[in-house]
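Visitor: One structure, pasted below without further comment.
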Amino acid sequence: MTTRILAMGLALGLAGPALAGGLQQPVPEPAAPAAPPPPAPVASFGGDWTSGYAGVQLGYGDINGSGAADGDDILYGVHVGYRYDFGTFVLGGELDYDFSDIDLNGAADVDSVARLKLQAGYDFGRTLGYFTAGVADVDTSIGSETGEFYGIGVAYQVNERYTVGAELLEHSFDDIGGTGVEADATTLTVRGSIRF
């Protein structure tokens with residue numbers, strides 16, 4: 001009998017704490033807030049220079065001719081070309097045409113320069129650095145002459161469609177219009193292009 005009473009007392013003692021809270025349902029603990037979803041990836045561009053392009057340029061030309069046939073002034077024009085990106089190496093070709101009104105101290109006036117260019121450059125991602133060379137045809141008041149040029153350039157992708165850049169070119173012309181006048185010209189232009 002004593003054993004039975006002890007067993008009942010022990011059972012009630014153990015059940016007491018469970019009944020101490022009354023008959024209320026236990027309140028569940030709040031769940032931890034869900035982590036926000038990761039941001040959508042930002043569309044990236046740049047690093048691929050394969051495309052056709054066309055645009056305009058504005059710059060400055062400085063011409064040193066035979067004797068006192070020197071002059072400098074602004075020039076402006078248009079260009080169209082195509083580049084192919086081989087990974088880090090970029091190869092391209094371009095036609096451009098600059099209008100000018102450079103007076104060579106009364107010896108002649110330079111009206112325009114047309115160029116056929118070959119470009120070879122390095123792909124830095126959104127920036128392209130390149131060397132360029134080719135043939136140029138100068139049109140002046142005393143005649144025209146075909147010569148050669150070489151130079152450097154840089155282009156930067158503002159976005160997927162538009163690029164800006166600059167070129168520095170050195171030209172050489174012999175015997176302009178059969179007059180014996182020779183001229184070396186330096187041009188520096190800033191350029192804006194639309195890719196297509």
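Since every read-out is calculated from the coordinates, none of them should be taken as a lab result. The structure displayed is predicted, hence computed values, not measured ones. With ideal geometry, Cβ positions are generated from the backbone for all residues, glycine too; neighbour counts draw on all protein chains shown.
Visitor: Against the empirical 2.2 N^0.38 Å scaling, what ratio does the C-alpha Rg of segment 51-195 come to?
Guide: Numbers: Rg = 15.7 Å, N = 145, 2.2 N^0.38 = 14.6 Å.
Cα-based Rg divided by the globular estimate yields 1.08.
Visitor: Work out the FRET efficiency for Ile142 and Phe89 from their Cβ-Cβ distance, taking R0 = 35 Å, and round it to the nearest 0.05. Don't skip to the end; give the middle numbers.
Guide: Numbers: r = 42 Å, r/R0 = 1.19.
That pair, Ile142 with Phe89, gives E of 0.25.
Visitor: Multiplying the sequence separation of Asn64 and Asp109 by 0.36 nm and subtracting their Cα-Cα distance, what value in nm do you get?
Guide: Values: separation 45, 0.36 × 45 = 16.20 nm, distance 1.26 nm.
Roughly 14.9 nm would be gained on extension.
Visitor: Which chymotrypsin sites (Phe, Trp or Tyr not before Pro) from segment 35-128 combine a DSSP loop assignment with at most 16 other Cβ atoms within 10 Å?
Guide: Phe45, Phe86, Phe124
Visitor: Sticking with this one: Separation between the Tyr156 and Thr186 pseudo-spin-labels, each 7 Å from Cα along Cα→Cβ, expressed in nm?
Guide: 2.3 nm
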